[in-house]
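Where a number appears in this text, it was derived from the coordinates with a stated rule and is not lab data. Computed from a predicted model, the values in this text were never measured in an experiment. Neighbour counts run over all protein chains shown; Cβ positions are idealised from the backbone, glycine included.
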Amino acid sequence: MRRQARATRVARGAVAASVATFVALLSHVTAGGAMPGAVGIVVPLALSFVACTALAGRRLSAIRLGLAVALSQALFHTLFVLGSYQPGLAAGH
């Protein structure tokens, strides 16, 4: 029974992290941000997975869900900007 609860928690975390990553990336690029490279997507996804899984809990909670989304969005914003940094462009301005 305990293993099933853990699997459910990990599955919730994975789904939440995947959806959050997709929405954040789509919003970032739609708003005019540069498309980050593979590392700029995978690192935020992995960190979001850890945060969302840790906050998933045994039952769905609006507070934990809100915390997971807020934390993920802060990570995404920072890491997408860092992941799309191009040194040659900064020197030209």
TODO: DSSP loop (so not H, G, I, E, B), at most 11 other Cβ within 10 Å: list which trypsin sites (Lys or Arg not before Pro) in the range 24-80 pass both filters.
DONE: 58, 59
Open item on the list: Using all alpha carbons of the range 1-74, what is the percent of pairwise distances in each 10 Å bin, ordered from the shortest bin to the longest?
Closed with: 20, 48, 24, 7, 1
